[in-house]
Each structure stands twice: as structure tokens, then as C-alpha cells.
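Report on the following structure.
The values are calculated or read from the model by the stated rules, or taken from the named source; none is laboratory data. Not measured: the values here are computed from a predicted model. Here the Cβ positions follow ideal geometry from the backbone for every residue, glycine too, while neighbour counts run over all protein chains shown.
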Amino acid sequence: MIPYGRQDVSSEEYAAVLAVLQSDWLTQGPSVPAFEEAFRGMACAGEAVAVSNGTAALHLACLAVGLGPGDILWTSPMSFVASANCGMYCGAKVDFVDIDSVTGNMCPDALGEKLQEAERANSLPKVLVVVHYAGQSALMNLIGNLAQRYNIKIIEDASHACGTRTPWGAVGNCHFSDLTTFSFHPVKTITTAEGGMVTTNDHNLAKKLQLLRSHGIEKNAALSDLNGQWYYEQRLLGFNYRMSDLQAALGLVQLKRLQNFVQRRQSLVHRYNKALADTSLTLPLSDPDQDISWHLYRVGLPKGCDRQKLIENLRQRGVGSQVHYIPIHLQPWYKQQGFHKGDFPKAEEWYQHSLSLPLFPAMMEDEQQQVIDAMHELLE
Ligand SMILES: *Cc1c(COP(=O)(O)O)cnc(C)c1O
């Protein structure tokens, strides 16, 4: 079975992880700061803080900008549930902004209209979580201007977009945002098994993230000089959201290979686009001004296509596929919070026609051909 996504881990990663296993530190050693520094450089950000996973990254990013009970967070309904759950963890109210039907990203026009309404109703959000669907950056220049006008914090959820470059620089440079979060789950562009990262240009936010990921505990040279080596102080109510050195060592090697992964994904997408151009599928449209690190190859199925049957037939031909995503507001738990079918019609339409075909760097040409042939045959 060809999976829809899969990690690419080589002997170099095996050696790096083994070296950590044989060292003095399995966690809180030198690999985590080395990975943070390398990632910071890649993302062209001021600081990078490694955490245990992408969901923890979002949770801490929300806490760092002070999101709490009584506040409101808006995000895209066309994302993984974690993009919204992070607001709920903080006791905030969560709402959504509908998507642009071409890219699947948050629609700046819809955002503008919703902000005007919210201003009149005195219910402006404190935080906007902007998701870069499939790896293509949302229009941060437009969204950033709106957020600035209404004094809203922006967190970019770049779980899909590690390695993407925009006209305003690398995703993660926080040019139009306060913080950017990444996930290193094995289906993402680079992996640490479980892992995440937050980048920012604000030293105070970085400091807060570092405290929050480790119980809110401060331990530094000044405190030690005053009170002894053993001394530490809890300053905030934090968590254990640390990344281990085993994970960071894996991440360091993966990060070195990022450009190769991005190029490989781009050439696979290019080949899909050419080979599927004559079908009834709606192929991904990409912004020519971006150098996109594609996480997903999402196609739009034609009207009347029985997706369930197509997925089953693909499976019988050895081809895995996946749907990205069930709109968050239609999840049972979110419906219990008062959301309904019809609330975000463009996201719902997108979902109805979505199918993600296999895309991963180690995918062989004959494997991709198998997917292409199966799609041609099944769409006839
Ligand atoms: C994967 C993902 C997350 C969560 O990351 P984890 O590392 O699995 O916790 C959050 N948002 C989006 C858009 C994702 O794709």
C-alpha cells in the first residue's frame, strides 16, 4: 500500500539518535539548543523554542500572547482540530473565518467583513491562528494589515509549511505575525517523531515560551550565585512540553535534508499536475510568487463523484488516500459548542470534494505512476 504520507529517515538519523542514546543526556542536553539554533536560521526568525509537539506549540503560543477566559480566538475551519483546540485549552471562545475556495486558506475578504461585524458587536478576537493549508502560505500581507488595524495578535500555524518561502521571506520569520508554530509529526515535512517549534522575533515572548514549556520554572546563573546550584523558582503555571535530545538529534539531521525534501515534493507535485491535467479533477492552484514546500497534494473531486467508492477502489489498487479536513466546526464536540452545518459553507464545500493523494519524498516514480494510472482509470 502506498501511504498518503510517510517519513524519510536515513542511516544518518539512526547514527545521530544512537549517539545521543550513548551520551550523558537523553533530555535537556546540547541537542535541543542546537536544533533550535539551526531551525531559527532556516526560518530567519529571532528565536526558536522547541517543544514536545505541534499542539503544545500552539497552546504555548496562545498562552504567551496572554489568551485567557473571556478572550476570543479565530482560526480557519479547514484545519486539524489542534488549530482551534489551543484556544479552548486557554478558556477562550473559538470562532472561525471561512476559506478562499481556490487555496483552502483563510480568506482575507471574509476576515475583513467578520472583523467589521465583530467591531460593531464589540466582540473582536484577541488572537488569530492562521493556517497555511497544504504548505501554501495564506496571504499574510493582507491578513497582517487587518490584524494590525484591529490590534489582534497573529499566530501562524505553519505545521504544513516548513520550508515555504514567500515574497515576505521564509515562513517562520514572523514578518506579519507574533509567533509561528511548526509540527514535526512523521507525516509533516521534517520529523522528530513527536515534536514542535515556535518561532518569534520578540525576546519576551520567547522567554515566556521557555518558562511555560518547563513547569514555569526559572533556573539561571544569577539565581544560582545567590542561592546555590540546586536552587530554582516556579514563576508561572507551566507544563512539561519539552522536546528530548533524542528527538532534537533526529530533527537536526532532518533539517539538513529539508531543501532536498522540498525539491522532491515540488517535483512530485509538478508531475501530478501534468499527468492529471486532462482529468475532471480540480488541481491545486499555487501562488507563483511563493516557493512552496508542499505538505499535501489535495485535489478537488468532480461533482457527483462518489468519494467513498473512489477511496475504496484506490485502496484495492494499493493506493492510500486521506481527506483534509472535516471542517473543525462540524466535529461533534464543536457542534456541542453551538456550531452548525452551514456556518462556513466554503470550508464545507471544500471538504465535500477533497481528496489527498500520496505525497512523500521517498515516493518512487513507479509508485506515483500507479497513483496516476489508478486515478485515470477510476475517473473515467
Ligand atoms: C499536525 C498539525 C497540528 C498538530 O501537530 P502535532 O505535532 O500532531 O501535535 C496542528 N495544526 C495543523 C494544521 C497540523 O497539520
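Odds and ends about this structure:
- Hits in the stretch 144-170 - residues which are among the hydrophobic types (A, V, I, L, M, F, W, C) and more than 16 Å from the ligand (Cβ to nearest atom): 146, 147, 152, 168, 170
- Selection within the stretch 314-360: residues that are small (Gly, Ala, Ser) and touching a Gly at 6+ places or on another chain (Cβ under 9 Å). The member of this set that is nearest to residue 297 (Cα to Cα) is 356.
- Check on residue 347, crowded, with 16+ Cβ neighbours inside 10 Å, touching a helix residue (DSSP H, G or I) at 6+ places or on another chain (Cβ under 7 Å) and among the small types (Gly, Ala, Ser): no
- Identity of the residue in the stretch 193-212, within 11 Å of the ligand (Cβ to nearest atom) and under 21 Å from residue 131 (Cα atoms), that ends up surrounded by the most Cβ atoms within 10 Å (Cβ to Cβ): 196
- Residue match in the stretch 51-67 (condition: crowded, with 23+ Cβ neighbours inside 10 Å, assigned to a strand (DSSP E or B) and either away from the ligand (no atom under 16 Å from the Cβ) or β-branched (Val, Ile, Thr) (or both)): yes
- Total residues in the stretch 80-111, condition in contact with a helix residue (DSSP H, G or I) (Cβ under 7 Å, 6 or more places away or on another chain), within 12 Å of the ligand (Cβ to nearest atom), over 18 Å from residue 147 (Cβ atoms) and outside any helix (DSSP H, G or I): 2
- Pairs where the first residue, in the stretch 39-58, is under 19 Å from residue 82 (Cα atoms) and among the aliphatic types (A, V, I, L, M) and the second is near the ligand (Cβ under 8 Å from one of its atoms) and assigned to a helix (DSSP H, G or I), C-beta under 6 Å, 6+ apart: 51/57; 58/82
- When residue 270 is tested against the conditions (1) at pLDDT 95 or above; (2) loosely packed, with under 14 Cβ neighbours inside 10 Å; (3) not in a helix (DSSP H, G or I), the lone failure is (3).
Yes/no per residue for (1) farther than 30 Å from residue 358 by Cβ; (2) touching a strand residue (DSSP E or B) at 6+ places or on another chain (Cβ under 8 Å); (3) free of Cβ contacts under 8 Å to residues at least 60 places away in the same chain:
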position	(1), (2), (3)
165	no, yes, no
195	no, yes, no
201	yes, yes, no
205	yes, yes, no
217	yes, yes, yes
231	yes, no, yes
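- When 239, 184 are checked against the criterion of being within 16 Å of the ligand (Cβ to nearest atom), of a type in the set (Phe, Trp, Tyr) and either modelled with pLDDT under 95 or touching an Asp or Glu at 6+ places or on another chain (Cβ under 9 Å) (or both), 184 stands alone in meeting it.
- Looking across the stretch 293-306, just one residue is aliphatic (A, V, I, L, M) and either in contact with a Lys or Arg (Cβ under 8 Å, 6 or more places away or on another chain) or surrounded by fewer than 17 Cβ atoms within 10 Å (Cβ to Cβ) (or both), and that is 301.
- Of all residues in the stretch 267-319, exactly one satisfies the criterion of being within 16 Å of the ligand (Cβ to nearest atom) and among the small types (Gly, Ala, Ser), namely 293.
- Residue match in the stretch 116-139 (condition: modelled with pLDDT of 95 or more, near the ligand (Cβ under 9 Å from one of its atoms), part of a loop (DSSP other than H, G, I, E, B) and farther than 29 Å from residue 355 by Cβ): no
- Positions within the stretch 83-107 being over 20 Å from residue 294 (Cα atoms) and either at pLDDT below 95 or not charged (D, E, K, R) (or both), in sequence order: 84, 85, 86, 87, 88, 89, 90, 91, 92, 94, 96, 97
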